[in-house]
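The values are calculated or read from the model by the stated rules, or taken from the named source; none is laboratory data. From a predicted model like this one, the values you see are computed outputs, not experimental measurements. Glycine gets a Cβ as well: all are built from the backbone with ideal geometry, and neighbour counts include every protein chain shown. Areas reflect the complete protein model, heavy atoms only, side chains present, ligands, DNA and RNA absent. Shrake-Rupley method; radii C 1.70, N 1.55, O 1.52, S 1.80 Å.
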Amino acid sequence: MNVLVVDVGGTNVKVLATGKTEPRKFPSGRDLTAKKMVAGVKKLARGWKYQAVSIGYPGMVVGNRVIAEPYNLGRGWMGFDFEAAFRRPVKLINDAAMQALGSYKRGKMLFLGLGTGLGSTLIADGIVEPMELAHLPYKKGTYEDYVGERSLKKRGKKKWRRYVTDVVKLLTAALEPDDVVLGGGNVKKLKELPEGSRVGTNDNAFLGGFRLWEKAAGQRRSRRAKSRKVKNSNQRIAA
């Protein structure tokens, strides 16, 4: 099955389909609504064949639904019917969670996305737990106020890097992960990585989007196998 992966960020919307090697993108920003996003993606993906869509959304997602409007985009995301708009099955996931899924190797992994804001996800033994750490209190504001894009522009690289190191240290101590991955567009602006962390490339977001449908296919196969096992067991009992 060919999948179209859509990575919605505060600066750009990027797309990639199964079998393609070069992502396409268009600018996002504070006036980007869900409707505009879909129109832009359809235009970019013209000529690509796909039967399903994965969307990484920069905000809270529960049960394949947006449950809070984004901080850095336009309005109109809550309640939007993405499947009707794309006319395809759609899997919706937090954008940091999608990149985290693509970065995951083993055990308990903490992913922190340094982009327009701060994305965060914990994966434990393959179970994805999107987290909203960005807006928790830190110093005189929130974590995002100190390690997000606005802080980088306001305070400069030197101070921003110190805050990133401090935030990674605090969250690592609190959550005790086996692996810490830093992603997002601004990770390349770090001079040195915080101790115990590694870089996850932005391309991992696309890998995560493809993995979403691989996991779904695996779960369906597992359910069918269990169903056949129960059916065969019942037939043996009846005999």
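Please go through segment 1-56 and pick out each residue that is part of a strand (DSSP E or B), of a type outside the set (Lys, Arg) and in contact (Cβ under 8 Å) with a residue 40 or more places away in the chain. Within segment 1-56, Val3, Leu4, Val5, Val6, Asp7, Val8, Leu16, Ala52, Val53, Ser54, Ile55, Gly56 qualify. Apart from one condition, Val6 fits all of (1) touching a Phe, Trp or Tyr at 6+ places or on another chain (Cβ under 7 Å); (2) open to solvent by less than 20 Å² (accessible area, probe 1.4 Å); the exception is (1). Taking each residue of segment 99-120 that is closer than 12 Å to Val187 by Cβ and open to solvent by less than 10 Å² (accessible area, probe 1.4 Å) and looking for partners that are in a loop (DSSP other than H, G, I, E, B) and polar (S, T, N, Q) with beta-carbon atoms closer than 6 Å, six or more apart or interchain, yields Leu114/Asn186. Filtered by the rule that a residue be outside any loop (DSSP other than H, G, I, E, B), open to solvent by 10 Å² or more (accessible area, probe 1.4 Å) and either within 20 Å of Glu129 (Cα to Cα) or touching a helix residue (DSSP H, G or I) at 6+ places or on another chain (Cβ under 9 Å) (or both), segment 74-89 gives Phe82, Ala85. Taken over segment 60-75, the criterion of being of a type outside the set (A, V, I, L, M, F, W, C), farther than 20 Å from Pro89 by Cα and in contact (Cβ under 8 Å) with a residue 12 or more places away in the chain is satisfied by Pro70, Tyr71, Asn72, Gly74, Arg75.
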